[in-house]
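J.: One structure is given below, represented as structure tokens, and several questions about it will come after.
The values are calculated or read from the model by the stated rules, or taken from the named source; none is laboratory data. Keep in mind that this is a model prediction, so the values were computed, not measured. Neighbour counts are summed over all protein chains in view; Cβ atoms, including those assigned to glycine, are modelled from backbone coordinates with ideal geometry. Side chains are part of the model used for accessible areas, which takes the heavy atoms of the whole protein and leaves out ligands, DNA and RNA. Shrake-Rupley method; radii C 1.70, N 1.55, O 1.52, S 1.80 Å.
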Amino acid sequence: MSEQPDAAAEPGSVAEDPDTLAVAVAELRPALEAILMVSDEPLDRVRLASVVGHPVEEVDDALAALAEEYTQQGRGFELRNVAGGWRFYSRAEFAAVVEGFVLEGQQARLTQAALETLSVVAYKQPVSRARVSAIRGVNVDGVMRTLLNRGLVEEAGHDEQSGANLYRTTSYFLERIGITSLDELPELAPYLPDMDDLEDELAHAAGLGERAPTNAPEPEAATDNASPHSASSHASPHSGEGTEPDGGTEIT
């Protein structure tokens, strides 16, 4: 009795490769481009074949053809086989353009809001975001993220009582302002509010303040001459009304 030919063993059949799907899920080249476009690491031939549902040999040929095609067309990117996997890279001759784009945010000047926040951290460190917000009178979350990303501020443990993250300036901060130690910072204490005066406001902002007596007089309406640090002259540091409108950088 003759054996019937195995349909799965026909040349070109996807099923003959255990690392591919039984049916191709998409056109090969566009599928490879789509996958490689969203990958943040090199992908090897077997992994790609498994995802697109084509034999490994066909994937190899398609990848090589795509790489050659990009080179011939003079694209700004290229497809490389690096460390056993394929990945898109910007072409070497455009390195200066790419570098300028990547470093653009690093070269942007800090806004006044960011400089004020950085000053508070420098003089009050280690300090929590809530304390910085209370001093400045606005929510500083966005600005603090900018300072962290710029390497000017870093985490410095947690507050023992509240568990909040504490922040301090970095050695890069010292380098940027041209000093070797925080002891060389100019004396600015007279221009900053005393932290002792902010305890009630901080407690109130955290919802821990004591309820005011029922016979307490109504607070006076805020005037143009009101202190910039009074509770009635600014929104709570945890309210949306007092949020910084930007992330702390401005284009030069």
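J.: Would you check which residues across the stretch 145-157 are aliphatic (A, V, I, L, M) and free of Cβ contacts under 8 Å to residues at least 60 places away in the same chain and list them?
T.: Narrowing the stretch 145-157 to residues aliphatic (A, V, I, L, M): 147-148, 152-153, 156.
If the condition is that a residue be aliphatic (A, V, I, L, M) and free of Cβ contacts under 8 Å to residues at least 60 places away in the same chain, then Leu148, Leu152, Val153, Ala156 are the ones that fit.
J.: Ok, one more. Sort out which residues of the stretch 176-186 are open to solvent by 90 Å² or more (accessible area, probe 1.4 Å) and in a loop (DSSP other than H, G, I, E, B), and write them in order of number. Outline the logic, then answer.
T.: Looking only at the stretch 176-186, we keep the residues that are open to solvent by 90 Å² or more (accessible area, probe 1.4 Å), and these are 176, 180, 183-184.
The one that is open to solvent by 90 Å² or more (accessible area, probe 1.4 Å) and in a loop (DSSP other than H, G, I, E, B): Thr180.
J.: Ala83 passes all but one of (1) open to solvent by less than 40 Å² (accessible area, probe 1.4 Å); (2) on the phi > 0 side of the Ramachandran plot; which number fails?
T.: (1) is the only condition that Ala83 fails.
J.: Taking the condition in a helix (DSSP H, G or I), open to solvent by less than 80 Å² (accessible area, probe 1.4 Å) and without any contact (Cβ under 8 Å) to a residue 24 or more places away in the chain, does Glu69 pass? Give the derivation first.
T.: Numbers: in a helix (DSSP H, G or I): yes; open to solvent by less than 80 Å² (accessible area, probe 1.4 Å): yes; without any contact (Cβ under 8 Å) to a residue 24 or more places away in the chain: yes.
Considered against the rule, which asks whether it is in a helix (DSSP H, G or I), open to solvent by less than 80 Å² (accessible area, probe 1.4 Å) and without any contact (Cβ under 8 Å) to a residue 24 or more places away in the chain, Glu69 comes out as yes.
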